[in-house]
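Notes follow once the structure below has been shown.
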Amino acid sequence: MNLLAIDTTGPDCSVALRQPGAADRLVSERIGRGHAERLAPMVRDLLAEAGLAPAQLDRIAVATGPGSFAGTRVATAFARGLALACQAEAVGVSNLVVMAHQAGTDAPLIVAHDAKRGEVVLQVWASDGETPSDPQRLPLDEALTRLPELAPAEARLAGSASDLLAPAGLSRTGIESLDLSALLDCAGLADPQTDKPSPFYARPPDAKLPGGLEPA
Amino acid sequence: MDLAPPSSSTQADGLIVLGLESSCDESAAAILRRQADGRIEVLADLVLGQTEAHAPFGGVVPEIAARAHAEAMDGLAAAALNEAGLSLADLDGIAATSGPGLIGGVMAALMTAKGLALGSGKPLIAVNHLEGHALSPRLSEPLDFPYLLLLVSGGHTQLLIAEAVGRYRRLGSTLDDAAGEAFDKTAKVLGLGFPGGPALERCAQEGDATRFDLPVPLKGKPGCDFSFAGLKTAARQIWDGLETPTEQDRADLAASVQAAIARALASRTKRAMDRFAEDYPDIAQPRPLVVAGGVAANRTVRAALEEAAGHAGFSLIAPPMKWCTDNAAMIALAGLEKLVRGQTDELDAPARARWPLDAVSAKLDPAIGSGRKGPKA
């Protein structure tokens, strides 16, 4: 399977290609902003270096976040357009799942994303082989208070909110961002029927109803 | 590596372009064929609105719009191809709005188009949304350049002379709110719901347009610029000043505001028609005045423009409503016209929140200049 993976959920603009019998090609640029400009040329150049025509891609995978809302949309919209043109499968993989993969199978594990504005998004892998909890968004102080009920005391911590959750005293994996090889691994395992290339937003859109009410 | 396979259709058979649009709250995809003689054939024309998603908020919420666009664009492109009975290999180019507009939304169509372009080896054409509107009358009927254009919508209010494809001269634009914003925001104040323009027009039917005195924007100021913020504020103050407003008060104020907006549009357009007549004395009467944009649907506005046009020796031309409001057919048309002229874009084409239309002219002829750069430019 010729597998292309893309990540624009954070400051990096990253593209990765896995082909049978060849070493992975991983290209990452720390650009901060401007993903909409850089991404397509990076993919074009990566495929050209590999001597691969776009139509030879079998699967196009995108990191769905949580991360920058706009950045995540850049990759998902591009991946879906590219997949349509190449008649390739389009799949999405959550950044939390990728980082859990990076941390290895030694459950229990908490992967926590810094959703900013004093909030974190948590997902818990309680034990080996079991389905993880659904991701949930919590205020940081509530997350710190509730960690003991959410995960066993021996749980290890990964994700961009690792520093924020340090007061909880869990052991840390040192994994705080997404690794491209791990993204390729997870992309290869993804199920096109269920793992859709749609952004995983950390929170609903900012919008108040008339009268300053929160939407239901 | 050369990714571009030979084009499937020669220019003699006509060129075919897919257009994508997502700069405000309509996701749209369309496919057009341009015959060698310039005739246009619409092969598919799809629009997916988001009114229901924004209605509870009384206006377009950019993040809600961007999320919906990002989920919709690839499906719309596929549906347009299906409707036209074509595959990507049959296309000669892929056009997308790359600005101006709500930037999160603009990126959805542009990135989808980049993916389609890279995957199919077809050229990308980054289109200025305003150029789409400027060319939209040519979707339904042949129309020679030059013509005067009033673009009046929720996002834009400007007067342009379309001199040629790629050459637009802006005579004036709004200094603050767009006319459609004045409609929508007044409708919100009056509690009329969203979208506000049609709701306000309905309410105004029962109202007395002469009851409330509203300021005349930019009264006596030379030029063709617009201003609607003062009008909107005055309407709100009148409404807040009514102790227990009745249905009649609501209808009267709606009618008064609508009449004031129509008057303002007609009076500035009158100046633009004079300018056009001076600049192009050889164009025979009736000279063409095109009105495009969602506000062109308002009957009071249209009547005021028709009257002003008649007095000035112009005839008012309005594209069918589906091409007056945001659509992808006009984007595909602008893409076709650029493609015919060899103007395609690289895969690093940026999404732009601001992109004054005369910047298109400025690129071709720097002497024209890029005009004012403002929030509503």
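The values are calculated or read from the model by the stated rules, or taken from the named source; none is laboratory data. Since we're looking at a predicted model, the values are computed, not measured. Glycine gets a Cβ as well: all are built from the backbone with ideal geometry, and neighbour counts include every protein chain shown. For the accessible areas, the whole protein counts, side chains as well, though only heavy atoms, and no ligand, DNA or RNA atoms are used. Shrake-Rupley method; radii C 1.70, N 1.55, O 1.52, S 1.80 Å.
Scanning the range A:130-147 for residues that are free of Cβ contacts under 8 Å to residues at least 12 places away in the same chain and either of a type outside the set (D, E, K, R) or more than 24 Å from A:Tyr201 (Cα to Cα) (or both) turns up A:Thr131, A:Thr145.
Exactly one residue out of B:Leu43, B:Leu48 is closer than 22 Å to B:Gly197 by Cα, touching a Leu at 6+ places or on another chain (Cβ under 7 Å), not charged (D, E, K, R) and not in a helix (DSSP H, G or I): that is B:Leu48. Scoring A:Leu109 on the criteria (1) in contact with a helix residue (DSSP H, G or I) (Cβ under 8 Å, 6 or more places away or on another chain); (2) within 14 Å of chain B (Cβ to nearest Cβ); (3) of a type in the set (A, V, I, L, M); (4) open to solvent by less than 10 Å² (accessible area, probe 1.4 Å) leaves a single failure, condition (2).
Only one entry in B:Asp252, B:Asp177 is more than 30 Å from B:Trp355 (Cα to Cα) and in contact (Cβ under 8 Å) with a residue 40 or more places away in the chain, namely B:Asp252. Looking across the range B:281-308, the residues that are crowded, with 16+ Cβ neighbours inside 10 Å and either among the aromatic types (Phe, Trp, Tyr) or free of Cβ contacts under 8 Å to residues at least 40 places away in the same chain (or both) come down to B:Arg302, B:Glu306.
Show me the strands (runs of 3 or more DSSP E) entirely contained within the range B:78-164 in which 3 or more residues are open to solvent by less than 20 Å² (accessible area, probe 1.4 Å), within 13 Å of chain A (Cβ to nearest Cβ) and under 21 Å from B:Arg341 (Cα atoms).
Details: elements: B:93-99, B:124-128, B:147-152, B:157-164.
Result: B:93-99.
For B:Ala234, the conditions (1) open to solvent by 30 Å² or more (accessible area, probe 1.4 Å); (2) farther than 18 Å from B:Ala297 by Cα; (3) among the small types (Gly, Ala, Ser); (4) in contact (Cβ under 8 Å) with a residue 12 or more places away in the chain are fulfilled apart from (1).
Every residue, every condition in (1) of a type in the set (A, V, I, L, M); (2) part of a loop (DSSP other than H, G, I, E, B); (3) closer than 27 Å to A:Leu3 by Cβ, yes or no:
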{"site": "A:Ser127", "(1), (2), (3)": "no, yes, no"}
{"site": "A:Leu138", "(1), (2), (3)": "yes, no, no"}
{"site": "A:Ala143", "(1), (2), (3)": "yes, no, no"}
{"site": "A:Pro148", "(1), (2), (3)": "no, no, no"}
{"site": "A:Glu154", "(1), (2), (3)": "no, yes, no"}
{"site": "A:Pro167", "(1), (2), (3)": "no, no, no"}
{"site": "A:Leu184", "(1), (2), (3)": "yes, no, yes"}
{"site": "A:Lys196", "(1), (2), (3)": "no, yes, yes"}
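Does at least one position in the range A:30-53 carry a residue that is among the basic types (Lys, Arg), open to solvent by 50 Å² or more (accessible area, probe 1.4 Å), at the interface with chain B (Cβ under 9 Å from one of its Cβ atoms) and more than 18 Å from the chain's Cα centre (by Cα)? Checking the range A:30-53: at least one residue is among the basic types (Lys, Arg), open to solvent by 50 Å² or more (accessible area, probe 1.4 Å), at the interface with chain B (Cβ under 9 Å from one of its Cβ atoms) and more than 18 Å from the chain's Cα centre (by Cα). Residues in the range A:180-198 that are open to solvent by 70 Å² or more (accessible area, probe 1.4 Å) and farther than 22 Å from B:Asp74 by Cβ: A:Leu189 alone.
Please work out which residue is surrounded by the fewest Cβ atoms within 10 Å (Cβ to Cβ), limiting yourself to the range B:50-73 and to residues that are modelled with pLDDT of 90 or more and among the small types (Gly, Ala, Ser). Only one residue tops the list, namely B:Ala53. Going by what's in this entry, would B:Ala187 be described as farther than 18 Å from B:Gly132 by Cα and open to solvent by less than 10 Å² (accessible area, probe 1.4 Å)? Here the answer is yes, as B:Ala187 does meet what is asked. Residues in the range B:199-253 that are farther than 30 Å from B:Arg169 by Cα and in a loop (DSSP other than H, G, I, E, B): 15 in all. Residues of the range A:71-106 that are of a type in the set (A, V, I, L, M), assigned to a helix (DSSP H, G or I), open to solvent by less than 40 Å² (accessible area, probe 1.4 Å) and at the interface with chain B (Cβ under 10 Å from one of its Cβ atoms): A:Val74, A:Ala75, A:Ala77, A:Ala79, A:Leu82, A:Ala83, A:Ala85.
Evaluation of B:Gly101 against the conditions (1) in contact with a Phe, Trp or Tyr (Cβ under 7 Å, 6 or more places away or on another chain); (2) of a type outside the set (Ser, Thr, Tyr); (3) at pLDDT below 95 shows that the sole unmet condition is (1).
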